[in-house]
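Student: Structure provided below as structure tokens; questions to follow.
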Amino acid sequence: MPAPSVLMGAVAYDPKVVTIWEGFRAWLRGRGLDFDFVLYSHYERQVDDLVAGRIDAAWNSPLAWLRADRLATAGGGAVHALTMRDTDRDLTSVVVVRADSPVHRVEDLAGRLVGTGAVDSPQATLIPLGHLAAAGVQVDVRRFDVGVGLHGDHIGGERDAARALAAGEVDAACMIDANHLLFVQEGTLPPEGTRIVAQTGRYDHCNMTVREPASDGVRLFGDLLRGMSYADPQVRPLLDLEGLTAWQDGRTTGYAALAEAVDASGFYAPDGRVTAPDYRP
Amino acid sequence: MTADVEIDLGGLGFDRGAHLLVQRALAGLPPGGRVAVSGTDAALGVHLPAWCRSRGHRVEWPDPAHRSRLVAVVVRGTADDDRWFGAERAGPPLPAALHSRPPPRWGLGARGALLEAGGPEARFDLDDRDLVWADIAPTLYAQAAARQWDPQTAVPWDDTFALPADVEAAVVQVMTYLVENEQAALVVPARFIGRIHPHFREVVQLLAVQVADEARHMEVFSRRALLRGAELGTSSAGGRQSLFTLVAESDFALASFLLSVLGEGSFVDLLGFLVRHAPDPVTRRICWLAMQDERRHVVFGMAHLEHQATVDPLLRDRLRAAIHRRHDALADTAGLNADVFDALVVLAAGGWNPDDVAAGFAHVRALQQAMDQGRQRRLVRLGFRPDEAAALSALHTRNFM
């Protein structure tokens, strides 16, 4: 009987993706799973291929999860969140101004210029702009479209927005909570030079999206991922590169804010079609 | 909310090192231990959970209605402990009870450090204590480090001496010869430094200083050669061939033997000769400085080979074969550059009367005998019988080094 198999898609947002998944592949194959991966240059084709059955699993951004869910449902099927990183849970985004800014409350942002990440960044564009819209605050947006199609995995747009804030080119900038800390620590933002004027609710980030959770391959895949230990020196460097200390069960309760933002901005149609007019991954 | 430990960060934020205080509080607790974190930094509520997430710690939030400085309770995760699961010490910190064969996985970790499991298997092929180590290495290193001299200030470069042209030419010729020899003496240990397991770090340090010694020697001999003129002397093909056989030796024990025990040992005699017969204070001084360093090199070469000879009964066979091999390789070459030999005679003669030249010639012959006697003594210390030591010494390159 052939070994259970899984073919997974991953988006090559950084050269380290090859290191990570080649390392995981060797580890997974050593434990009885015939695992391989294919790399995509953006998330939309990866989602198309998952729903079309060309791959068994997709290491998906939250936006890619939403679209896969919508496409699959529209086609009468379903996708499932198999696992996620411990670091994918309960993130927040923040809207930041310069310390000397006259903006003190979120309402003060009305009519001001807000820098965001790329058009398809959940954390640095869609969710924080959705948060401002839900608060009834109308702002002008200057987007920093770096790595379009990578759903914000590329940090470049977020960092450019932070730089524009520091340079006085925008009144505020949107970023994920951890990147605010990173930008201050690395010097992109001056220490004590910024204030946080808004913080979104908690949301979840990536998940390992699968079509057939009951198949032998996918079940073994999930068990093996959850069994990866940070105490194992073979996988620890890979976990560090991928930014987690443990794989946890997938959950889909943390995507409501993104879904609302996607609907409000018309990024995807309810059936999963890409409808954002200025989105060319 | 309950907690095992409470800390107040005051106004300190994560942008200015607050993680150190949180980490310190967590360090004393088992996984699941709870630290209540209070503070007034405006970004603390954003940065604390972001930091915890990346470290595998969980965060619990206080009731928003509860007005206090409490920001959150951090629940210690397992990642910090997991990272050090299977960690091991890379041997003892001090050079007592060194490992006889330190494993490749210790790699570049400091000896005695706690090493996280994983990481590269570094290939340091000179990893046999008996081959590399000598107990005197730490002491010799300390001496070597303490006796480093500054070529600029240790030598009376500004002395106004003036030599007759032919004597100056003899000095330049000898300096030219010394530079090429020091070049070889630098390259040989340099090639081994990167192959020695860092577990034997005092040996690596000692050889590194030895390389630095040779670098200074090359500098001062070159500088003396050009002190009064613009040209160096000659370099013979046979001399370079002799040095090349030294550089080409890839076996650490054999290279140490040929370079330090035989070559530098003879070189110490040559430098002593030059100190005695130097016609000017600069030449005398630089030869004396170099001689002190070279003596140390010989002591280390002897020490680790003497140790190895006691544990490896076949070592002497290999040393014997190395001398024969080098002799055969050089059998068809001229040996010492005739210009060097003549220059040594001129320096020892101190004048151009036939009697002066005869005396100079006799001094150089005596130097060659002293070199031979020295080599024989060192060979006997390595366990060769006196008659065999005499025969082997006679096979040593005529190029001295």
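Read-outs: derived from the displayed coordinates by stated rules, not from any lab. From a predicted model like this one, the values you see are computed outputs, not experimental measurements. Every residue, glycine as well, gets a Cβ built from its backbone with ideal geometry; the counts of neighbours run over all protein chains shown.
Student: So how far, in whole Å, is the C-alpha centre of region A:263-278 from the one of region A:132-171?
Tutor: 19 Å
Student: Rounded to the nearest 20 debye, what is the charge dipole size of region B:84-123 about its Cα centre when +1 sits on each Lys and Arg Cβ and -1 on each Asp and Glu Cβ?
Tutor: It works out to roughly 140 debye.
Student: Any idea what the dipole of region B:222-301 comes to, in debye rounded to 20, about its Cα centre with Lys/Arg Cβ at +1 and Asp/Glu Cβ at -1?
Tutor: In debye, rounded to 20, region B:222-301 gives about 420.
Student: Hey, another quick one. Where does each of A:197-210, B:160-173, B:247-260 land if you order them by average Cβ count within 10 Å, highest first?
Tutor: Ranking the peptides A:197-210, B:160-173, B:247-260 by packing returns A:197-210, B:247-260, B:160-173.
Student: What is the sum of charges, Lys and Arg at +1 and Asp and Glu at -1, for the other residues whose Cβ falls under 9 Å from the Cβ of A:R236?
Tutor: The answer is -3.
Student: Can I ask one more? What is the local net charge at B:E202, summed over the other residues whose Cβ is closer than 14 Å to its Cβ (Lys, Arg +1; Asp, Glu -1)?
Tutor: Neighbourhood net charge equals +3.
Student: Counting each DSSP H run of 4 or more residues in the protein assembly as shown as -39500 (n - 2.57), what helix-only mean residue ellipticity at 222 nm follows after dividing by all residues, to the nearest 500 deg cm²/dmol?
Tutor: One gets -14500 deg cm²/dmol as the mean residue ellipticity at 222 nm.
Student: In what sequence, highest mean first, do A:260-267, A:92-99 appear when ranked by Cβ atoms within 10 angstrom?
Tutor: Going by the mean number of other Cβ atoms within 10 Å, highest first, we get A:92-99, A:260-267.
Student: Per residue of B:44-53, how many C-beta atoms from partner chains lie within 10 Å of its own C-beta, taken as a mean?
Tutor: Partner-chain Cβ atoms within 10 Å, mean over residues of B:44-53: 6.
Student: Can you give me the long-range amide H partners of A:Y268? Hydrogens built in the peptide plane at 1.01 Å from N, cutoff under 5 Å, separation of 5 or more residues or another chain.
Tutor: Result for A:Y268 returns A:T275.
Student: Gaussian network model of chain B, Cα springs within a sub-10 Å range: biggest mean-square fluctuation belongs to which of B:W157, B:W61, B:W149?
Tutor: B:W61
Student: Still on this structure, please answer the following. Two decimals, Cα atoms only, Kirkwood Rh: what is Rg/Rh over the protein assembly as shown?
Tutor: Value, to two decimals: 1.18.
Student: Rounded to a whole number of µm²/s, how large is the Stokes-Einstein D of region B:211-340 at 4 °C and 1.567 mPa s, given Rh as the Kirkwood radius over C-alpha pairs?
Tutor: 79 µm²/s
Student: Could you order the peptides A:132-141, A:248-257 from most to least packed, using the average number of other C-beta atoms within 10 Å per residue?
Tutor: The packing order, highest mean first, is A:248-257, A:132-141.
Student: Now for a different question. Skipping prolines and chain starts, which residues have an amide H placed within reach, meaning under 5 Å, of the one on A:R98, given they are 5 or more residues away or on another chain?
Tutor: Placed amide hydrogens put A:R195 under 5 Å from A:R98.
Student: Give me A:M175, A:M1 sorted ascending by neighbouring Cβ count inside 10 Å, so fewest comes first.
Tutor: A:M1, A:M175
Student: Treating only the Cβ atoms of Lys and Arg (+1) and Asp and Glu (-1) as charged, compute the dipole magnitude of region B:129-394 about its Cα centre; round to the nearest 20 debye.
Tutor: The calculated dipole for region B:129-394 is roughly 700 debye.
Student: Where Lys and Arg each count +1 and Asp and Glu each count -1, what net charge lies around B:L21 among other residues with Cβ under 13 Å from its Cβ?
Tutor: Within the 13 Å Cβ shell, the charges total -1.
Student: Just going by the charge dipole of chain A, with Lys and Arg at +1 and Asp and Glu at -1 on Cβ, which of A:A257, A:T245, A:V210 is farthest out on the positive end?
Tutor: Farthest along the dipole direction, towards plus: A:V210.
Student: Kirkwood Rh over Cα pairs of region B:5-82 into Stokes-Einstein at 37 °C, 0.692 mPa s: D in µm²/s?
Tutor: 266 µm²/s
Student: Report, by chain and number, residues whose modeled amide H sits under 5 Å from the one on A:N207, excluding near sequence neighbours (fewer than 5 apart, same chain).
Tutor: A:N60
Student: Using the Kirkwood radius over Cα pairs, work out the Stokes-Einstein diffusion coefficient for region B:100-204 at 37 °C and 0.692 mPa s, in µm²/s as a whole number.
Tutor: Approximately 186 µm²/s, per Stokes-Einstein.
Student: Averaged over peptide A:230-238, how many Cβ atoms belonging to another chain are found within 10 Å of each residue's Cβ?
Tutor: So the per-residue partner count for this stretch is 5.
Student: Here's another thing I want to ask about it. At 27 angstrom or more along the helix axis (alpha-carbon based) and mean Kyte-Doolittle of -1.0 or higher, what helices does chain B contain? Whole DSSP H runs only.
Tutor: Sorted by number, the helices that extend far enough and score high enough are B:165-193, B:201-225, B:281-311, B:354-381.
Student: Can you figure out the FRET efficiency of B:L94 with B:V187, using R₀ = 25 Å and their beta-carbon distance, to the nearest 0.05?
Tutor: Efficiency for this residue pair is about 0.20.
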